[in-house]
Amino acid sequence: MIVEDNIEETTTSHAHAKAVLEELDNSPISGFHWKAMITSGMGFFTDAYDLFIIGVALAILTPLWNLSSFEVGLVGSTSLFAAALGSYLFGWLADRIGRHTIYGMTLVVLAIGAILSAFSPNIISLLIFRFILGLGIGGDYPLSATLMSEYANRRDRGKLITMVFSMQGLGLVVGPLVALGLLLSGLNHDLVWRLMLALGAVPALATFYLRRQIAETPRFALAMHGDVEAASNTVAMVTKNGNAKKVVSTKKGEQSKQPKKSWAYLLLTPRYLRWIIGTAGTWFLLDIAYYGTTISSPLVLKSLNPHSELVPNMLYTLLIFVVAALPGYILSALTIDRLGRKWIQCVGFGMMALAYAVLALFPGLTTMVVPFLLLYGMSYFFTEFGPNVTTFVYPAEVFPVMVRSTAHGIAAGLGKIGAFLGALLFPYLLSVFHLPGAMGVAAIVSGAGLILTLVTLPETSQRSLEEISDEHAVMAQHKASA
């Protein structure tokens, strides 16, 4: 009799949990979704600001500190290597402890690193503080993506996650504006680069309090704690439906909890193994090209016009970001749930490869300002209306809740290793093989990303997270073996 009661309670709890998630999936976008999007996106605003501003700071520091090309590449890439570690570490912690607990911690680490970097007395200390900054930046990737995906509805999930990441576009615009303002201010250059780096802490600290107000995601509360009541109350708050919590009991469904899994679970399940190769591999390839060209953009533009000054190059960069990169982000957000993740990623990689290949095969274009900027701008547009967005969205959707943040951390971490390699190698490629050679490497890498996308990744648009990952089957298997 007791066994029958337990079975009935478990079945009822599972039905209630499923009803809560269906209500969340079918709900319209609410004010909470916009709040979560903005608070998550500010981490990426800071990431993009720092991504750009370190290149300008290094252009100032090179004559001040007599930096070699190797030292320039090392400073530009150290935070990216740290971000790889931060992505996995904080992603793993979010699956073990919870999204809410770790969510604000990444911003604190990021802000500390930015402030300390501004006070660096020498290159060694700058490397150390940039490493701390990178840990926070890396940790923000799996946390923000996972939290937004687990709160989003099915119809608009791609748009909401994309808008989180698209805050990078604003950071890429604000970065050159800040740089131009400080360079034209007449301040001593030793103070200018310090102010540039310190300002990276402002958006992170400004949104820390807001992050602490966002509750644990309903999906994590249900899957990892079996807490149907907490999940239903949160869904009622998100959807503004005061009746939502009436469909569930006030008891925790202990039998609905899933076991905690490590990253090894991803390697032992063929479907997840293929997807971790696809998500992590395409992110790795993208970031070699994207971060290599973006962090080295002052050097790229200097190669285009060796006699130009830093301020005109900042104007060219700002023009590229405003005319090409920012519209790419916007178009991705508007179309990703209709065109699909896979289509956008394949087209993006293909057009990036084409733009880079034309510049590599026709070296004369790399000495002509207008044709070069058009092709270089095209590569930026299809990076944003393409894999720079979708590689962030994919790992937040295809894996089950018990390893979702860890898997995203692995993908983001491998991406940041690619970014580290790109930032480290591109100054060398530009100095040895010049602009056409560097663009040729970017073309090959982008073509490889297209092929890997085609053979490894599914389409996830308009499907629930549980359907994509087949999570209900995983739960059923767990119960059968229990």
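The values are calculated or read from the model by the stated rules, or taken from the named source; none is laboratory data. None of these values were measured; they are calculated from a predicted model. With ideal geometry, Cβ positions are generated from the backbone for all residues, glycine too; neighbour counts draw on all protein chains shown.
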Original post:
Which residues, taken from the stretch 422-473, are acidic (Asp, Glu) and over 20 Å from the mean Cα position of the chain (by Cα)?
Top reply: 466, 467, 470, 471
Subject >> Candidates 24, 89 - the one that is more than 30 Å from residue 183 (Cα to Cα) and crowded, with 23+ Cβ neighbours inside 10 Å >> reply: 24
**OP:** Please specify each residue of the stretch 414-443 satisfying the condition of being closer than 17 Å to residue 387 by Cβ and either surrounded by 24 or more Cβ atoms within 10 Å (Cβ to Cβ) or among the small types (Gly, Ala, Ser) (or both).
**Re:** 415, 416, 418, 419, 422, 442, 443
Subject >> Residue match in the stretch 384-393 (condition: of a type in the set (Ser, Thr, Tyr), touching a Phe, Trp or Tyr at 6+ places or on another chain (Cβ under 8 Å) and either surrounded by fewer than 24 Cβ atoms within 10 Å (Cβ to Cβ) or farther than 30 Å from residue 153 by Cα (or both)) >> reply: no
**OP:** Read through the list (1) within 24 Å of residue 207 (Cβ to Cβ); (2) out of contact with any His (no Cβ under 8 Å at 6 or more places or on another chain); (3) of a type outside the set (Ser, Thr, Tyr), then give the number of the only condition that residue 70 fails.
**Re:** (1)
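Residues are listed down the side, and each one gets a yes or a no for (1) more than 19 Å from residue 99 (Cα to Cα); (2) modelled with pLDDT of 85 or more:
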{"site": "213", "(1), (2)": "no, yes"}
{"site": "217", "(1), (2)": "no, yes"}
{"site": "226", "(1), (2)": "no, no"}
{"site": "240", "(1), (2)": "yes, no"}
{"site": "245", "(1), (2)": "yes, no"}
**OP:** Have a look at 182, 187, 172 and point out the one that is farther than 26 Å from residue 141 by Cβ, not in a loop (DSSP other than H, G, I, E, B) and not charged (D, E, K, R).
**Re:** 182
**OP:** Quick one: which residue in 47, 25, 5 is modelled with pLDDT of 85 or more, in a helix (DSSP H, G or I) and not hydroxyl-bearing (Ser, Thr, Tyr)?
**Re:** 25
**OP:** Quick one: residue 400 ticks every box in (1) part of a helix (DSSP H, G or I); (2) buried (at least 24 other Cβ atoms within 10 Å of the Cβ); (3) at pLDDT below 95; (4) not hydroxyl-bearing (Ser, Thr, Tyr) except a single one, so which number is it?
**Re:** (1)
**OP:** Could you tell me whether residue 395 is modelled with pLDDT of 90 or more, part of a loop (DSSP other than H, G, I, E, B) and in contact with a Ser or Thr (Cβ under 6 Å, 6 or more places away or on another chain)?
**Re:** no
Original post:
Within the stretch 452-459, is even one residue part of a helix (DSSP H, G or I), closer than 26 Å to residue 94 by Cβ and modelled with pLDDT under 95?
Top reply: no
Original post:
Within the stretch 161-172, is there a residue that is surrounded by fewer than 22 Cβ atoms within 10 Å (Cβ to Cβ) and within 30 Å of residue 194 (Cβ to Cβ)?
Top reply: yes
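Scan the stretch 57-73 for residues that are in a loop (DSSP other than H, G, I, E, B) and among the hydroxyl-bearing types (Ser, Thr, Tyr) and jot them down.
Here is the first cut: in the stretch 57-73, the ones in a loop (DSSP other than H, G, I, E, B) are 66-68.
68, the sole residue that qualifies.
Determine, yes or no, whether residue 320 is in a helix (DSSP H, G or I) and either at pLDDT 85 or above or closer than 30 Å to residue 462 by Cβ (or both). If you could, list the steps in order and put the result at the bottom.
Numbers: in a helix (DSSP H, G or I): yes; either at pLDDT 85 or above or closer than 30 Å to residue 462 by Cβ (or both): no.
Judged against the criteria, residue 320 is not a match.
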**OP:** Considering each residue of the stretch 404-446, count those that are closer than 30 Å to residue 146 by Cα and hydroxyl-bearing (Ser, Thr, Tyr), and give that number.
**Re:** 3
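Quick one: which of 417, 444, 468, 451 is closer than 23 Å to residue 82 by Cβ and among the β-branched types (Val, Ile, Thr)? First the steps, then the outcome.
Numbers: 444 fails: closer than 23 Å to residue 82 by Cβ; 468 fails: closer than 23 Å to residue 82 by Cβ; 451 fails: closer than 23 Å to residue 82 by Cβ.
When all the criteria are applied, what remains is 417.
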Subject >> Test: residue in the stretch 262-273 that is surrounded by fewer than 16 Cβ atoms within 10 Å (Cβ to Cβ), modelled with pLDDT of 85 or more and either part of a loop (DSSP other than H, G, I, E, B) or among the charged types (D, E, K, R) (or both) >> reply: yes
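Looking only at the stretch 196-225, which residues are part of a loop (DSSP other than H, G, I, E, B), surrounded by fewer than 24 Cβ atoms within 10 Å (Cβ to Cβ) and among the small types (Gly, Ala, Ser)? Show your work before the answer.
To start, the set of residues in the stretch 196-225 that are part of a loop (DSSP other than H, G, I, E, B) comprises 199-200, 213-217.
Filter once more, keeping what is surrounded by fewer than 24 Cβ atoms within 10 Å (Cβ to Cβ): 199, 213-216.
Scanning the stretch 196-225 gives a single hit, 215.
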